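Below you'll find the structure, written out as structure tokens, and then a few comments.
What follows is calculated from the coordinates using simple rules that are stated; it is not laboratory data. The structure presented is a predicted model; accordingly, all values stated were derived computationally and were not measured. So basically every Cβ, Gly included, is an ideal-geometry build from the backbone, and we count neighbours across all protein chains shown.
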Amino acid sequence: MADKAERRRPPLVDLGWANGWRKTPPLVRDCKHKQADLSLGSCVRQVTCAECGFTYKYDSGDCGT
Ligand SMILES: [Zn+2]
């Protein structure tokens, strides 16, 4: 059943853009896991920790020029 597979995966907390943080959220700061860091193109990268259940995006700002 598709419904079962979905329930196994906890919903990720979307922390938004790291560039807009005043300080790193404790969730991220305390994370000791191996995070997935994938490129969404146009300098944008998305970091996800499936263990902690968070995801956020950041603009690496160093692409292009
Ligand atoms: Zn983690």
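Could you please report the charge total around Glu51, scoring K, R as +1 and D, E as -1 over all other residues with beta-carbon less than 10 angstrom from its beta-carbon? Summing Lys/Arg as +1 and Asp/Glu as -1 gives +2.
Where does the charge balance sit around Ala18 when Lys and Arg score +1, Asp and Glu -1, over other residues with C-beta under 13 Å from its C-beta? Mind showing how you got there, number by number?
Working: positive: Arg22, Lys23, Arg29, Arg45, Lys57; negative: Asp14, Asp37, Asp59.
It works out to a net charge of +2.
Among Leu15, Leu40, Leu27, which comes first, then next, by fewest other beta-carbon atoms within 10 Å?
The most exposed by this proxy come first: Leu40, Leu27, Leu15.
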